[in-house]
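We did not get these values from a lab; they are worked out from the coordinates using the rules stated. This is a predicted model, so every value here is computed, not measured. Note that we place each Cβ from the backbone using ideal geometry, even for glycine, and neighbour counts take in every protein chain shown.
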């Protein structure tokens, strides 16, 4: 089979993925999607994508659009556009996790600035405000009181993008200064790490300086993580969870998982596991 | 032998890793500008400006 790894910014992960693919004897091509255009009203894409595509674009919308185009041409993509749509939008993820009975932080959504203050009062301070689309902890704000919230809202209202004028509010979960990143590949947890917040930072993203420590997940966590991965549609995923006083809470599932931080603490060759899964998953 | 390319922002030399491949991101140590390797031909490296992070970037 021939595998393509599509990307728009070549990270450590993509270089490692192609090295592992080559070691496994899988014909693989790295494709920079910034160079591509498509006749989306035509019947097929050029035959350059091979049998299966591992989608690794760093831009959410670019990734989603490309996956939809490729799927429309009958090309298999890991992860699917459905998974991408679910995981790329925190509103959709939260609703799906809750509906499936997976413990997740209490989350309110306001559809305009007029209802944000009331929503936050109802949720109870402190509240965490997150962008609907985004990653790496970017633009995630902690409002300890109504005054802080009003300042954040005022700032967001000054932005042009209409999605900034709707609000995703989440309860602030009391937890140790760390969260959990579990990398799930084809229904198997291949790595589990604590992400320890760095310095004065309260967010636990590796992109924000968090360090990682490997650990063995207990039965409860394994079940929750695997169920969360299954609920969003499966594939190659990064499931993020927190340790609350009432047990684990899954707060996010990542569709184009970065694993440099997890790999630093883990002995499993994560990239190899991903490539093996992609090869296995090829539809015959 | 280490390949060096010139930063088009500040003119400093950017050391290109020996195992660099096309599309890889390199950073100028002097001014922190990011560039993408556009081509590597016979030990000569061409760089282009890397895209700047957008709000939808991430994992």
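Values for this structure:
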{"quantity": "Hydrodynamic radius (Kirkwood) for region A:2-87, which is based on Cα pairs only, to one decimal in Å", "calculated": "13.1 Å"}
{"quantity": "For region A:178-268, radius of gyration divided by Kirkwood radius, i.e. Rg to Rh on alpha-carbons", "calculated": "0.94"}
{"quantity": "Exercise: per-residue mean of other protein chain Cβ atoms within 10 Å, A:10-16", "calculated": "3"}
{"quantity": "Packing rank of B:12-21, A:88-97, where each peptide gets the mean count of other beta carbons within 10 Å, highest leading", "calculated": "A:88-97, B:12-21"}
{"quantity": "For chain A, share of DSSP beta bridges that run antiparallel, in % to the nearest 5", "calculated": "75 percent"}
{"quantity": "Cα centroid separation, region A:7-74 to region A:186-264 (Å)", "calculated": "25 Å"}
{"quantity": "Euclidean distance of C-alpha centroids, region A:97-140 and region B:15-40, integer Å", "calculated": "39 Å"}
{"quantity": "Extension reserve of the residue A:40-residue A:147 stretch, reckoned as 0.36 nm per residue once the Cα distance is removed", "calculated": "33.7 nm"}
{"quantity": "Efficiency of FRET between residue B:19 and residue B:54 - r from beta-carbon atoms, R0 35 angstrom, step 0.05", "calculated": "0.80"}
{"quantity": "10 Å Cβ neighbours from other chains, averaged over peptide B:47-57", "calculated": "5"}
{"quantity": "Antiparallel DSSP beta bridges within region A:2-87, percent to nearest 5", "calculated": "0 percent"}
{"quantity": "Kirkwood hydrodynamic radius of region A:85-147, from inverse mean 1/r over distinct Cα pairs, in Å", "calculated": "12.7 Å"}
{"quantity": "Sorted largest first, extent of region A:1-158 alpha carbons per principal axis (Å)", "calculated": "56, 37, 34"}
{"quantity": "Residues of region A:89-126 with amide N under 11 Å of the 7 Å Cα→Cβ point at residue A:202", "calculated": "A:125-126"}
